Amino acid sequence: MLTVIDHPLVQHKLTIMRDKETSTAGFRQLLREIAMLLCYEATRDLDVELVDIETPLMPMKAPRLSGKKLVFAPILRAGEGLLDGMLDLVPSARVAHIGLYRDPHTLSAVEYYFKSPEDMGERRVIVLDPMLATANSAIAAVDRLKEAGATDMRFVCLLAAPEGVDNFVGHHPDVPIVTAAIDEKLNEKGYIVPGLGDAGDRMFGTK
Ligand code: PRP
Ligand code: URA
């Protein structure tokens, strides 16, 4: 399943992020804000249970999230930029870090770090990366999370290329994608166009 968030606030913030004149600080702040809005969407089907509480006026049964805490799983480095906004909304979530970089020549994903909570099979896992380009990184991350026991996952990104969506769905049809936009295509270097450039470089000011 693919959900494109066409909310005006998301689209407005995304346009500013795409603009090459936007500063590193501005890019980072907007990513944090958009992350909250994407998180709202990616968590809308979480289970709740009714619990007994007392308001200042009377007892009532009120809904509360049920089950184990969520796991956010950012793909380093750029996925880290979505993490703070997500944690603003769900402060008690656990975090699994997945270190992957994309080889610039082969465009395949190379793993350099992985650390997750132990009971991944009992938790909803939200995988975070602003860019779904070829999808090689996202596919490798989800492969690794499945190896670690995860069964209930969502993939959240900011921008996706149609080629990446097809590739990802071909490998992981069980993992819904939530994105703010689907762009035109990949260029010859595997960049999303029109896109926003290299998300990691723009948020950390490394180029
Ligand atoms: C970028 C981006 C994704 C990946 C997307 O990361 O953050 O992880 O590329 O491309 P793909 O869909 O073709 O795999 P990059 O490898 O540049 O590393 P970084 O986050 O450390 O900058
Ligand atoms: N990674 C990025 O950061 N941007 C792209 O357009 C493709 C991969």
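Annotations
- Residue, surrounded by the most Cβ atoms within 10 Å (Cβ to Cβ), within region 77-88, restricted to residues that are closer than 18 Å to PRO117 by Cα and within 13 Å of ligand 1 (Cβ to nearest atom): GLY79
- Flag if THR134 is β-branched (Val, Ile, Thr), surrounded by fewer than 18 Cβ atoms within 10 Å (Cβ to Cβ) and not in a strand (DSSP E or B): no
- Pairs where the first residue, in region 165-184, is within 23 Å of LEU196 (Cα to Cα) and the second is modelled with pLDDT under 95 and not in a loop (DSSP other than H, G, I, E, B), C-beta under 6 Å, 6+ apart: VAL178/GLU41; VAL178/ALA42
- If you go through region 66-76 and keep only what is open to solvent by 30 Å² or more (accessible area, probe 1.4 Å) and either among the small types (Gly, Ala, Ser) or modelled with pLDDT under 95 (or both), you end up with SER66, GLY67, LYS68, LYS69.
- Residue satisfying all of: in region 1-30; of a type in the set (Ser, Thr, Tyr) and more than 19 Å from the chain's Cα centre (by Cα); least open to solvent (accessible area, probe 1.4 Å) among these: THR22
- Residue check for ALA35: open to solvent by less than 20 Å² (accessible area, probe 1.4 Å), closer than 24 Å to PRO8 by Cβ and touching a Leu at 6+ places or on another chain (Cβ under 8 Å): yes
- Close pairs (6 angstrom Cβ cut-off, 6 or more residues apart or separate chains): more than 27 Å from GLY170 (Cα to Cα) in region 1-25, open to solvent by 60 Å² or more (accessible area, probe 1.4 Å) anywhere: THR22/ILE16
- Qualifying residue in region 121-131 (condition: in a loop (DSSP other than H, G, I, E, B) and open to solvent by 50 Å² or more (accessible area, probe 1.4 Å)): no
- Subset tally (residues that are touching a residue at least 12 places away in the same chain (Cβ under 8 Å), within 26 Å of MET36 (Cβ to Cβ) and either open to solvent by less than 30 Å² (accessible area, probe 1.4 Å) or assigned to a loop (DSSP other than H, G, I, E, B) (or both)) for region 89-118: 9
- Every test in (1) modelled with pLDDT under 95; (2) in a helix (DSSP H, G or I) is passed by VAL165 save one, and that test is (1).
- When the residues of region 175-207 are filtered to those that are basic (Lys, Arg) and not in a strand (DSSP E or B), the one that is least open to solvent (accessible area, probe 1.4 Å) is ARG202.
The values are calculated or read from the model by the stated rules, or taken from the named source; none is laboratory data. Predicted model, so just to flag it, every value in this text is computed and none were measured. Note: ideal-geometry Cβ built from the backbone for every residue, glycine included; neighbour counts use all protein chains shown. The protein model used for the area step is the full one, side chains on, heavy atoms only, and it has no ligands, DNA or RNA in it. Shrake-Rupley method; radii C 1.70, N 1.55, O 1.52, S 1.80 Å.
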